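Working notes for the structure below.
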Amino acid sequence: MRVISGTAKGRSLKAVPGTSTRPTTDKVKEAIFSMIGPYFDGGQVLDLFAGTGGLGIEALSRGMDKAVFIDIEKKSIDTIGHNVEVAKVKDQVEIYRTDAARALKVLAKRAEKFQLVFLDPPYRMKGIAELMTTMEEQAIVESDATIVVEHDAKDVLLDTIGGFKQLRRADYGDTAVTIFKRDNASIGFSN
């Protein structure tokens, strides 16, 4: 695994030890950033179920200002810490060891707003729609936010979840990536 493009291009990232975490392959990462726009002009990214932190680090390398990494596993948190050092983005990140629901509550209390969210939960987890709805209800996503969901290719996500519309889905073997964009016109309000 490596950072594919931007300021940290070519830096090798460490995988989480063991078999409990499934890192996003470079091929899938490249495809994701081709779909959501290769580079960014600032903003905040939330990497929920961060694992290695590879997606959030890639977003920082490509122009995001700040990343918040959330994972429940200590091995993942240690790996993210190592990887942000290697990528030289430590001063742009916050890393928290907690579960997703608790993290969203804390981020809402802090009035955090994210333009980009990566959701890459364990494939056995089936609460993607609920997490997206919670993010919207707790107002932690910008009015034009993009959510990238990496999931089991067997799972089909709804076309619309709250104020998010599915833009695209692409399959890569057992992995699927579904991109959602917030559409304020369809929900009748803006933040």
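The values are calculated or read from the model by the stated rules, or taken from the named source; none is laboratory data. Everything numeric here is computed off the predicted structure, so don't read it as measured data. No Cβ is skipped: glycine too gets one built from the backbone with ideal geometry, and neighbour counts run over all protein chains shown. Please note that ligands, DNA and RNA were not included when accessible areas were found on the heavy atoms of the full protein model with its side chains. Shrake-Rupley method; radii C 1.70, N 1.55, O 1.52, S 1.80 Å.
Given axes a ≥ b ≥ c from the Cα gyration tensor, I'd like to know whether segment 47-88 is rounded (a/c under 1.5), prolate (a/b larger than b/c) or oblate.
oblate
With point charges of +1 on the Cβ of Lys and Arg and -1 on the Cβ of Asp and Glu, referenced to the Cα centre of segment 76-191, which listed residue (139, 79, 125) lies farthest in the positive direction of the dipole?
139
Under 9 Å from the Cβ of residue 166, count the other residues' Cβ atoms, weight Lys and Arg +1, Asp and Glu -1, and hand me the total.
It works out to a net charge of +3.
If the cut-off is a Cα-Cα distance under 23 Å, which lysines reach residue 165, setting aside same-chain residues fewer than 8 apart in sequence?
29, 113, 126, 154, 181
Which of the listed residues, 39, 100, 51, is farthest toward the dipole's positive end in segment 1-108, when Lys, Arg count +1 and Asp, Glu count -1 at the beta-carbon?
Most positive-ward Cα: 51.
Rounded to the nearest 20 Debye, what is the dipole magnitude of the chain about its Cα centre when Lys and Arg each give +1 and Asp and Glu each give -1 at the C-beta? Mind dumping the intermediate values first?
Numbers: 27 positive and 27 negative charges, 77 e Å.
Approximately 360 debye in magnitude.
Using helices alone, what [θ] at 222 nm do you get for the chain, with -39,500 (n - 2.57) per DSSP H run of 4 or more residues, divided over all residues and rounded to the nearest 500?
-8500 deg cm²/dmol
Would you mind putting 103-115, 37-49 in packing order, based on average other-beta-carbon counts within 10 Å, highest first?
Top of the packing list down: 37-49, 103-115.
Using a 1.4 Å probe on the protein chains only, how many percent of the accessible area of segment 1-154 belongs to carbon and sulfur?
51 percent
Using 10 Å bins from zero, what percent of all Cα-Cα pairs in the chain falls into each bin?
The distribution over the chain is 9, 40, 40, 10, 0, given as percents.
How high is the relative contact order of segment 49-191, given as a whole-number percent (alpha carbon pairs under 8 Å, six or more residues apart)?
Normalised by residue count, the contact order of segment 49-191 is 18 percent.
Within straight cross-link reach of residue 90, meaning Cα distance under 19 Å, which lysines are found once same-chain residues fewer than 8 apart are removed?
Partners within reach: 9, 14, 66, 74, 75.
Using 7 Å Cα-to-Cβ label points, what is the residue 126/residue 5 separation (nm, one decimal)?
So the two model labels end up 3.7 nm from each other.
All other residues with a Cβ under 10 Å from the Cβ of residue 72 taken together, and with Lys, Arg as +1 and Asp, Glu as -1, what is their net charge?
After counting each charged neighbour, the total is 0.
Calculate how many DSSP beta bridges within the chain are antiparallel, expressed in % of all such bridges and rounded to the nearest 5.
On the way: 18 of 37 bridges.
Of the beta bridges lying entirely in the chain, close to 50 percent run antiparallel.
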